[in-house]
Amino acid sequence: MTPLLDVQNISKAFGAHVLFKNISFSIGEGQHVGLIAKNGTGKSTLLSLLSGKDSCDSGSIIFRRDIRVGFLEQSPVFDPDESVLDACFNHHGEADKVLKAKQILTQLRITDLNQPMRELSGGQQKRIALANVLITEPDFLILDEPTNHLDLDMIEWLEGYLSRGNKTLLMVTHDRYFLDRVCNIILELDDKTVYTYRGNFQYYMEKRQERIDATRAEIERANNLYRRELEWMRRQPQARGHKARYREEAFYDLESKAKQRIEERQMRLKSKNVYIGSKIFECQYVSKAFDDKIILRDFYYNFQRFEKMGIVGNNGTGKSTFIKMLLGEVAPDSGSFDIGDTVRFGYFSQEGMKFDDQQRVIDIISDIADYIDYGGGKHITATQLLQHFLFTPEQQYDYVYKLSGGERRKLYLCTVLMRNPNFLVLDEPTNDLDIQTLEVLEEYLQDFPGCVIIVSHDRFFMDKIVDHLLVFRGQGVIKDFPGNYTQFRQWESLASKEESVAKANAETEKKEKREFVGEQRRKKTYKEKCEFERLEKEIAQLEKEQAELEEALCSGTLSVDELTEKSKRLPLLKDELETKEMRWLELSEIEG
């Protein structure tokens, strides 16, 4: 199979800083590829090279002739005076595409197609850029953080959209559920090299750990041999013998292998010195509205000690406004927040990242405090906190202007934690952070002995941390749910099914009233009986095929062609199964 994209031995460096060296990979038609790497190691640069916005230092990037490539940038730029619709088509809207544009924009909560781009927020502009890429229906989609600025309903819609059909895509995202459900190949950019894993995100996590364990064992063996060879090298040249040149050359190869470094996970930071009283805050019948847009209506909530709450809801329903009222940055129209005397907030906001680019990373943190007292004679220094959040010793002494966008977000997070708060309020903390940093932050929050409120669209992150949800539905309607996000969606799905069943039963009752003749109900016709029996067999066969397909896709043993074929078949099979199940339910309601 001829690949759509073939990357051959490309390298890229900025001065002495090498991002990657002689990396190669290819992407075939229909493959869904996720690119994973730590912040600052070149993910966005690599996408920029593939899109033609930058050039590599060496090597070649070859696309199949005549294919159309669509590229979603992390921070797209538009003409501020053009309308939403013009921005989607670059002033060349084809009539048959406009209807599709309206459908996609509606899914992304963009409804005023004549609104000037200058009136839209950065998040809305990112959604229009995403719509632009999807509308043009390219052969190959390259997406940089496509889930940023999308609410949960939009993310789930985009998951389904990208999973269906024969789209070929390469994307960078920190959303692990999204990676798991959309991608069937993972590329990992690590230590200037690319590793390929033929499976979804869960498969990648298992195999990556196996790779790290194997590399660690190899380094340990090399170290043992290196100590013995070093002793031999330290002898006087005449003592080594004149035929040992090959052994000297082998020694230097061995030395480079022995000095490899595997980034070890730091110890979990478990503070015992965070005190917070029994009174946290009470939201006392608070109301807030902006013109006819209602945020809260006589809302009451008593926040409990050590509670870890998640706040979810569509964009524009008032989640961030609620947080700002709690922190005293926005005044309620009526009611009040009664906050306990011992509460010390640490607030990570979407807009709060402001640094002096000429300062060093370590100075920004040590200017806040030299160390955090963890109690029991233990403390963590500014350097140790930075290292825990994956800033290498070299990076700590770099100037801020050298940091990538994700590294700046990570530094901002460290400034919040270094103040040693006992109540963390985190507004979209996962945006632009790499997966390794997210895992460190999850461990930190799981062990955090104070209170936590998280506003986030990252479902995996929410499931790991929160035990309680406030679901903002808009116009002041808020659902108080005791559980994490996945549990809420399961409850919501069940409630929706119960509602559908209730409606179906009501319709059935109406029909029965019309169809009763004396005491007789309508029974299945012979044709319906045959169809019912046939459906039972077909549903069983489809369920078996689905289980076999899912097992095969996660096995890691398929060839590229087999992987592509089975990835195409799975969504079609699910649609067919759902259709047949609905028909089976309809027939099961009829007697006989």
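The values are calculated or read from the model by the stated rules, or taken from the named source; none is laboratory data. This is a predicted model, so every value here is computed, not measured. In this analysis, Cβ positions are derived from the backbone assuming ideal geometry, glycine residues included, and neighbour counts consider all displayed protein chains. All accessible areas refer to the heavy atoms of the entire protein, side chains included, with ligands and DNA or RNA removed. Shrake-Rupley method; radii C 1.70, N 1.55, O 1.52, S 1.80 Å.
Tell me, which residue of the stretch 359-409 that is open to solvent by less than 70 Å² (accessible area, probe 1.4 Å) and among the aromatic types (F, W, Y) is nearest to F448 (Cα to Cα)?
Y374
Restrict the check to the stretch 305-323 and report whether at least one residue is in contact with a Ser or Thr (Cβ under 6 Å, 6 or more places away or on another chain) and either open to solvent by less than 50 Å² (accessible area, probe 1.4 Å) or of a type outside the set (S, T, N, Q) (or both). Spell out how you get there, then give the answer.
Here is the first cut: in the stretch 305-323, the ones in contact with a Ser or Thr (Cβ under 6 Å, 6 or more places away or on another chain) are 305.
From the residues that got through so far, the ones that are either open to solvent by less than 50 Å² (accessible area, probe 1.4 Å) or of a type outside the set (S, T, N, Q) (or both) too are 305.
So far as the stretch 305-323 goes, yes, one or more of its residues are in contact with a Ser or Thr (Cβ under 6 Å, 6 or more places away or on another chain) and either open to solvent by less than 50 Å² (accessible area, probe 1.4 Å) or of a type outside the set (S, T, N, Q) (or both).
Tally up the residues in the stretch 341-357 that are more than 31 Å from the chain's Cα centre (by Cα) and open to solvent by 80 Å² or more (accessible area, probe 1.4 Å), please.
Qualifying residue count, the stretch 341-357: 1.
So that you can scan it fast, the table gives a plain yes or no per residue for (1) open to solvent by less than 60 Å² (accessible area, probe 1.4 Å); (2) out of contact with any His (no Cβ under 7 Å at 6 or more places or on another chain); (3) more than 20 Å from E533 (Cα to Cα); (4) at pLDDT 80 or above:
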| position | (1), (2), (3), (4) |
| --- | --- |
| E543 | no, yes, no, yes |
| C554 | no, yes, yes, no |
| T557 | no, yes, yes, no |
| V560 | yes, yes, yes, no |
| L563 | yes, yes, yes, no |
| W584 | no, yes, no, yes |
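Conditions first: (1) closer than 28 Å to I67 by Cβ; (2) open to solvent by 20 Å² or more (accessible area, probe 1.4 Å); (3) within 23 Å of the chain's Cα centre (by Cα); (4) touching a residue at least 40 places away in the same chain (Cβ under 8 Å). Y195 passes all but one, so which condition is the exception?
(4)
Report every pair of residues separated by at least 6 positions or lying on different chains whose Cβ atoms are under 7 Å apart, first residue within the stretch 430-449 and under 14 Å from V274 (Cβ atoms) and open to solvent by less than 20 Å² (accessible area, probe 1.4 Å), second of a type outside the set (D, E) and part of a helix (DSSP H, G or I).
L445/I465
Could you grab the pairs with beta carbons closer than 8 Å, sequence gap of 6+ or different chains, first residue in the stretch 380-408 and over 20 Å from N431 (Cβ atoms) and assigned to a loop (DSSP other than H, G, I, E, B), second one of a type outside the set (S, T, N, Q) and open to solvent by 40 Å² or more (accessible area, probe 1.4 Å)?
Listed by first residue and then by second, the contacts come to Y397/R360; D398/R360.
Keeping to the stretch 498-533, report how many residues are assigned to a helix (DSSP H, G or I) and either modelled with pLDDT under 75 or of a type in the set (A, V, I, L, M) (or both).
18
Failed condition for K97, given (1) in a helix (DSSP H, G or I); (2) within 29 Å of the chain's Cα centre (by Cα), with all others met?
Unmet condition: (2).
Quick check on the stretch 467-497: of everything there that is of a type in the set (D, E, K, R) and at pLDDT below 90, which residue is farthest from Q304 (Cα to Cα)?
K497
Those residues that are farther than 22 Å from I155 by Cα and crowded, with 22+ Cβ neighbours inside 10 Å, I need them from the stretch 451-468; list them, please.
C451 - this is the single residue of the stretch 451-468 that is farther than 22 Å from I155 by Cα and crowded, with 22+ Cβ neighbours inside 10 Å.
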